[in-house]
Amino acid sequence: DSYHMVDKTFSEKHLNQLEEIIQNEELDAVLPGNDYDLAFLQQVRTRPIWQSLKILDAGVNQGLFLSKSESADFFKSINLKVPTIYKRPQDGQGTMILKEDRGHGSINQYVVSDCDGASQYWNNLKQPFLQEFVEGIEYTIDVFSSEDYRTINCCPRIRRKVRAGVSDVGQVDLNSDLLNLLAPKLPLFQLRGPWNLQCIIRDSEFYFLE
């Protein structure tokens, strides 16, 4: 075993440092640790040195789901509901949530009560994503899929306690309506291994977030 310190993901030196480690350590596989790693791998996986590696990720389609706007488009394409999305603050109505399109957790995330509130924070974000704020029971759906994208397991859980966008306390809830809705759609994501979805139920309708 060995331990290496590298520069921040996407910094100038990061790629060179990683490729040097791959060569020196004669690595066979790479396991991404977070969303930044996933986004980075989408950019470099076609480079020659990475072609010989097994990248232990969910597949090339996962890059789509690093973006909230692209995720929403995909959800709609397979007939899953999403909260209303607004292109500009002045288009918004009622309570909304403003966040980075490629953000993580609750960083740069604002709940605003009207268009003026959205406008106030709009320029603070690199890629603003403005959406209707839906209140209801929040779910995380844990999924495990096979190499050929078949669903091995699907387990919804209610997010009972959330801190910084992460569910610290959850309660398994095998909601039959949710399971029946998702059963034919999960293979369409073309993801493998462990992954999850988030949704909110309001007035007996499921709204998918990411």
- Message: Given the condition under 19 Å from residue 68 (Cβ atoms), touching a residue at least 12 places away in the same chain (Cβ under 8 Å), small (Gly, Ala, Ser) and touching a Cys at 6+ places or on another chain (Cβ under 7 Å), answer yes or no: does some residue in the stretch 92-99 qualify?
- Response: yes
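Hey, among 189, 144, which residue is open to solvent by less than 30 Å² (accessible area, probe 1.4 Å) and within 24 Å of residue 32 (Cβ to Cβ)?
Selected residue: 189, the only one of 189, 144 that is open to solvent by less than 30 Å² (accessible area, probe 1.4 Å) and within 24 Å of residue 32 (Cβ to Cβ).
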- Message: Restricting to the stretch 104-125, and then to whatever is at pLDDT 90 or above and in a loop (DSSP other than H, G, I, E, B), can you tell me which residue is least open to solvent (accessible area, probe 1.4 Å)?
- Response: 125
- Note on the structure: residue 78 meets each of (1) modelled with pLDDT of 95 or more; (2) open to solvent by 60 Å² or more (accessible area, probe 1.4 Å); (3) among the aliphatic types (A, V, I, L, M) with one exception, condition (2)
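Test residue 143 against the stated conditions and say whether it is touching a helix residue (DSSP H, G or I) at 6+ places or on another chain (Cβ under 7 Å) and at pLDDT 90 or above. Quick ask: steps written out before the conclusion?
Numbers: touching a helix residue (DSSP H, G or I) at 6+ places or on another chain (Cβ under 7 Å): yes; at pLDDT 90 or above: yes.
So residue 143 passes the test.
Of the residues in the stretch 1-54, how many are part of a loop (DSSP other than H, G, I, E, B), closer than 24 Å to residue 102 by Cβ and aromatic (Phe, Trp, Tyr)? Quick ask: steps written out before the conclusion?
Initially, the stretch 1-54 is screened for residues part of a loop (DSSP other than H, G, I, E, B), giving 1-13, 26-28, 31-34, 45-47, 52-53.
Now restrict to residues that are closer than 24 Å to residue 102 by Cβ: 6-13, 31-34, 45-47.
Still in the list and also aromatic (Phe, Trp, Tyr): 10.
Looking only at that region, the number is 1.
Quick grid of which residues meet (1) open to solvent by less than 70 Å² (accessible area, probe 1.4 Å); (2) of a type in the set (Asp, Glu); (3) under 17 Å from residue 130 (Cα atoms):
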site	(1), (2), (3)
7	yes, yes, no
21	yes, no, no
41	yes, no, no
66	yes, no, yes
86	yes, no, yes
91	yes, yes, yes
96	yes, no, yes
102	no, no, yes
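For residue 139, indicate whether it is in a loop (DSSP other than H, G, I, E, B) and surrounded by 15 or more Cβ atoms within 10 Å (Cβ to Cβ).
Details: in a loop (DSSP other than H, G, I, E, B): no; surrounded by 15 or more Cβ atoms within 10 Å (Cβ to Cβ): yes.
Criteria not met by residue 139.
The values are calculated or read from the model by the stated rules, or taken from the named source; none is laboratory data. Note that the coordinates shown come from a computational prediction; the quantities given were computed from them, not determined experimentally. Quick reminder, even Gly has a Cβ in these numbers, built from the backbone with ideal geometry, and neighbours come from all protein chains shown. What goes into the accessible areas is simple: the full protein's heavy atoms, side chains included, and nothing from ligands, DNA or RNA. Shrake-Rupley method; radii C 1.70, N 1.55, O 1.52, S 1.80 Å.
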